[in-house]
Amino acid sequence: MSKTFSSKEIQNGWYEWWEQQGYFRPRMGDGETFSLLLPPPNVTGNLHLGHALTCAVQDAIVRWHRMKGHKTLWIPGTDHAGIATHAVVERKLLRETGKSRHDIGREKFLQEIWKWKERHGHVISQQLKTLGMSLDWSKEYFTMDEALNSAVTQAFCILYDKGLIYRDKRMINWSSALRSSLSDIEVDNVTVEGPTVLKVPGVEGGVEVGVLAHFAYPVADSEERLVVATSRLETMLADTAVAVNPADGRFTHLIGRRLVHPLVKDRLIPVIADSFVDMNFGTGAVKITPGHDPVDYEVGRRHNLPDIDMFNDDGTVKMGLPLVGGQNRFLARQTIKEALSVLGLYCGQSGHATTIPVCSRSGDIVEPRLKDQWFLDCRSLSQRAIQVVESKQLKIFPDYNKAIWSEFLNKTMDWCLSRQLWWGHRIPVYTCTASKQRTCAMSEEEAKKKLNSSSVTQDEDVLDTWFSSSLLPFTSLGWPQQTLDLEQYFPQQMLETGQDIMFFWVARMVMMSLELTGKLPFHEILLHGMVRDSQGRKMSKSLGNVIDPLDVVHGITLEALNRRLEDGNFDPREVSVAREGQRKEFPNGIAACGVDALRFTLCSYNFKNMNVNFDVMNAESKMRFCNKIWQSFKFIFSKLPADFSSPPKLELTGAEDGTDLWVLSRLSHLVKVCNSSFLSHDLHHAVGALQYFWYQELCDVYLEAVKPVFNGADVRHQETVQHILYHCAETFVLAAAPFMPFLCEELFQRLPARQGRAESICVAPYPQPEQFTWYNCYLDTSMAKVEEIVNHALRLRKDYSIMGTRSKLYIQSDSVEYVELLAHHGTCLQALSRSDHVTLVGTATPLQGCASVFVTPDLSVLVDLKGCPLDIAKEVDRLKNKVFKLENEKSQVHEKLVKIISKNRGDTPQALRLQSKIASLDTDIKSMSAMMDTFLQQSNVVE
């Protein structure tokens, strides 16, 4: 074994061997089945820490089931990521050729996307392999594969024929940059506290947001004016009413009157009364734009108002509108402001805290618009999804999500399925060129037959990416064909994913599976929180706190992190802020921690919490733990003879002392905690137990305790300890393998082979509690007392500067339990306390020349100072200096306290803190004085 642990060396070669041996494929047999679908990462990008958390948790669960002998399938795949891929390739096309997709046409643009996919689509799969994910790659899919494409079409047609899919004009999110509708998850809500400039595609200098513009509507046939406030001044061209609260006495006389539109002279708009208006916001009068605001749309429906769509798909104003026809919507804002100012109707502006919807893919400000789209009626589907959770057919962890699930689904809106893109599953609806009749069909030929027409056109739109993703639990297994995989692995046992997509993906999978297959897609839902930085902030490139999981694996310098910012497409000011953020977050860059340390770190967090605050320092700590495991294995191997052979099962020989039995008790406890943690999905408890057992119990206690055994002459006890060490080492790597597969495989292979052992840790049996029957609570309690005595003894040695010497240790007590304690753990106590002898004496026995500490009313610990190489005069002088400094500090604190008391403020928090400080200093002075007395007594003994 190399001198130190090297993650790079350990990781090399194992994954390829695992794949070649087929360990990741289901093992045929009579065992239980466990199947799980990896949430498909987008084909566009690289893994981020959220992916890494998902993968680390899922792989640990999958490996545990595989080691339990279950027929285990973990399905990999990638999502075509309609909008994301579309945006990436379109930007690339514009950058390289200066052309847009519209310039080259649909067919050629799709060819460009497929080229891009072939070139980059394998990157994320390779990263998953680097992280050691035990996916069955023979089942890998891509959501645009021919088989899945056909399945998506089939699903759409079934739902269409049932009347669940329909076309209607509804309010949707619109990206002018992409010229497409967006799902809510593709909209980032950016909060601003006041006037702020946002960068927006196509608008030089950005757009000012966080501002309320005030302007007046003249009242028809009156000299009066009604002032309104708006954050989107340009939409006043689509106003069809102004609303006031019926209880607001300021405007009662205006209700039912007409207002003159200042820029569209032939338009009169009514003043309406509606209780939704907040009388204390803005001016108390609200402009109503049903065509461009969801709330206004509902108001418009209540009051029978017309709606006006004033924008083209590219975000320009329609040509029929005065002054600004053809202008970009944000340039139109300034033109309208100037026009209203000329008319004397612009009344100024004020700062306004608000939330701006921004397209996550393009950075464009999202425009609410009324558009004809394809929708899925979700009313009955959502009620069935609620019912299966309430009836406990479907379990959700953590439990609090059940209430959120029901609340959301009870309010769910119909799902907007269509996207105005070219990349994706094209909507299989065809229209007869002559009759304009529509039908849904699997192919153009089928559509022609259905419509009895020789000429049909297919709908131009594609489906929302989440539609195909919602079908994956069964389409990834071959649906609609009745395949063997579908029969064996559907429904799946579990879905594990982030809480943030519970409704965008998880709920939709449940709805679609129940409707299309009549079955649940899975029996359990396990949700994890959002990964944030060490300070709890959302990870953002602009903050410089984004962590690439592969940087944690391989390491990266601060300079290299800075260069990434400079190579990205950032505003210089953003780069400066992000660079400073990186300097604070990663002052020394990120150390190369390796895959095992990263995975162990991710699983050490309680991922069920809403937020998972990731700190690279924790990963570095886990890397040191990996090194500790490596070093202690080297020690264990050094104590095993070259011809060492272990029986299949450890049998007690009678040569064990109490410490040997104690470590087996703790091993039994470890196995129980690990298994119960997997069953309850609390993996952080298993990680904590593994680390505590290896660090505190095996290394700090047992390995130190058995060193004297190997220096002694009791060969039988030595052989017993060798078997216990082997058993502890083997059990530990088996228990830790789901979290640290590379390190555990390496050490598993280095352990001396025994009969019947599996050829790889991937398929070795996971330790089960019924195999570890050595738990003994009495030994746990007695060892806790040993550790208490050891801690006091070592503290005395440190206080008296004799850590490097071995002298007698006395346990002074009249309790019989310490007789038993020495009988069980005498060797251990002597080794850990660094003593050359341990003696139990009664309280009546006088002991001279010892440093002592009172532990409990019936126990004192004493360390013999006689014979220790002490310069007593020097030690007494050192203590006198300490006491002198403490007395001075106490005097200064006392003076402050007297001043406070003199002002009758003796019960203030500051006074109480000073009193507490004086009490603490008194304790320290008393302790130092007692030590000086001990040294002086020792001096008399020596004389």
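Tabulated values for the structure
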| item | result |
| --- | --- |
| Segment 325-363 - residue that is hydroxyl-bearing (Ser, Thr, Tyr) and part of a helix (DSSP H, G or I) and, of those, least open to solvent (accessible area, probe 1.4 Å) | THR335 |
| Single match in SER391, SER382 (criterion: open to solvent by less than 30 Å² (accessible area, probe 1.4 Å) and either modelled with pLDDT of 95 or more or aromatic (Phe, Trp, Tyr) (or both)) | SER382 |
| Residue in segment 641-658 that is part of a helix (DSSP H, G or I), out of contact with any strand residue (DSSP E or B) (no Cβ under 7 Å at 6 or more places or on another chain) and of a type outside the set (Lys, Arg) present | yes |
| Matching residues in segment 752-779 - criterion: being surrounded by 14 or more Cβ atoms within 10 Å (Cβ to Cβ) and part of a helix (DSSP H, G or I) | ILE761, CYS762, VAL763, PRO769, LEU779 |
| Matching residues in segment 264-283 - criterion: being surrounded by 14 or more Cβ atoms within 10 Å (Cβ to Cβ) and either of a type in the set (A, V, I, L, M) or at pLDDT 95 or above (or both) | VAL264, ILE269, PRO270, VAL271, ILE272, ALA273, ASP274, VAL277, MET279 |
| Helices (runs of 4 or more DSSP H) fully within segment 39-153 counting 3 or more residues that are in contact (Cβ under 8 Å) with a residue 60 or more places away in the chain and of a type in the set (Gly, Ala, Ser) | 49-67, 82-97 |
| Single unsatisfied condition, ASN711 versus (1) surrounded by fewer than 23 Cβ atoms within 10 Å (Cβ to Cβ); (2) touching a residue at least 60 places away in the same chain (Cβ under 8 Å) | (2) |
| Count - residues of segment 478-507 that are free of Cβ contacts under 8 Å to residues at least 24 places away in the same chain and of a type in the set (A, V, I, L, M) | 3 |
| Residues of segment 826-856 satisfying the condition of being crowded, with 19+ Cβ neighbours inside 10 Å, of a type in the set (Gly, Ala, Ser) and modelled with pLDDT of 85 or more | ALA831, SER833, SER835 |
| Members of segment 802-834 found to be under 22 Å from LEU698 (Cβ atoms), without any contact (Cβ under 8 Å) to a residue 60 or more places away in the chain and either part of a loop (DSSP other than H, G, I, E, B) or touching a Lys or Arg at 6+ places or on another chain (Cβ under 7 Å) (or both), listed by number | LEU821, SER833, ARG834 |
| Answer from THR497, THR483, THR517 - the residue that is among the hydroxyl-bearing types (Ser, Thr, Tyr), touching a Phe, Trp or Tyr at 6+ places or on another chain (Cβ under 9 Å) and surrounded by fewer than 20 Cβ atoms within 10 Å (Cβ to Cβ) | THR517 |
| Counted residues, segment 809-850 - those being closer than 20 Å to ASP714 by Cβ and polar (S, T, N, Q) | 3 |
| Enumeration of residues in segment 154-196 that are touching a residue at least 40 places away in the same chain (Cβ under 8 Å) and polar (S, T, N, Q) | GLN154, ASN173, SER175, SER176, SER180, SER181, SER183, ASN189, THR191 |
| Test: residue in segment 47-66 that is surrounded by 22 or more Cβ atoms within 10 Å (Cβ to Cβ) and over 24 Å from the mean Cα position of the chain (by Cα) | yes |
| Segment 877-924: number of residues that are over 30 Å from ASP799 (Cα atoms), among the basic types (Lys, Arg) and in contact with a helix residue (DSSP H, G or I) (Cβ under 7 Å, 6 or more places away or on another chain) | 2 |
| Subset of segment 523-546 (residues that are free of Cβ contacts under 8 Å to residues at least 60 places away in the same chain and buried (at least 23 other Cβ atoms within 10 Å of the Cβ)) | GLY544 |
| Residue within segment 314-324 that is within 45 Å of the chain's Cα centre (by Cα), free of Cβ contacts under 8 Å to residues at least 12 places away in the same chain and open to solvent by 40 Å² or more (accessible area, probe 1.4 Å) present | yes |
| Residue within segment 120-137 that is more than 30 Å from ALA764 (Cα to Cα), modelled with pLDDT of 90 or more and open to solvent by less than 10 Å² (accessible area, probe 1.4 Å) present | no |
| Pairs, first without any contact (Cβ under 8 Å) to a residue 60 or more places away in the chain in segment 849-868, second of a type outside the set (S, T, N, Q) and open to solvent by 60 Å² or more (accessible area, probe 1.4 Å), C-beta under 7 Å, six or more apart | ASP858/ASP814; SER860/PHE854; ASP864/LYS808 |
| Unmet criterion (only one of (1) modelled with pLDDT of 95 or more; (2) among the aliphatic types (A, V, I, L, M); (3) touching a Pro at 6+ places or on another chain (Cβ under 8 Å)) for LEU159 | (3) |
| Matching residues, segment 232-278, being out of contact with any Leu (no Cβ under 6 Å at 6 or more places or on another chain) and of a type in the set (Gly, Ala, Ser) | ALA238, ALA243, ALA247, GLY249, GLY256, ALA273, SER275 |
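Yes/no matrix, rows are residues, columns are (1) of a type in the set (Gly, Ala, Ser); (2) at positive phi; (3) in contact with a helix residue (DSSP H, G or I) (Cβ under 7 Å, 6 or more places away or on another chain):
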site: GLU9; (1), (2), (3): no, no, no
site: GLU16; (1), (2), (3): no, no, no
site: TYR23; (1), (2), (3): no, no, yes
site: PRO26; (1), (2), (3): no, no, no
site: GLU32; (1), (2), (3): no, no, no
site: LEU37; (1), (2), (3): no, no, yes
site: VAL43; (1), (2), (3): no, no, yes
site: LEU47; (1), (2), (3): no, no, yes
site: ALA56; (1), (2), (3): yes, no, yes
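The values are calculated or read from the model by the stated rules, or taken from the named source; none is laboratory data. Just so you know, these numbers come straight off a predicted model, no measurement behind them. In this analysis, Cβ positions are derived from the backbone assuming ideal geometry, glycine residues included, and neighbour counts consider all displayed protein chains. Heavy atoms of the whole protein, side chains included, go into the accessibility calculation; ligands, DNA and RNA do not. Shrake-Rupley method; radii C 1.70, N 1.55, O 1.52, S 1.80 Å.
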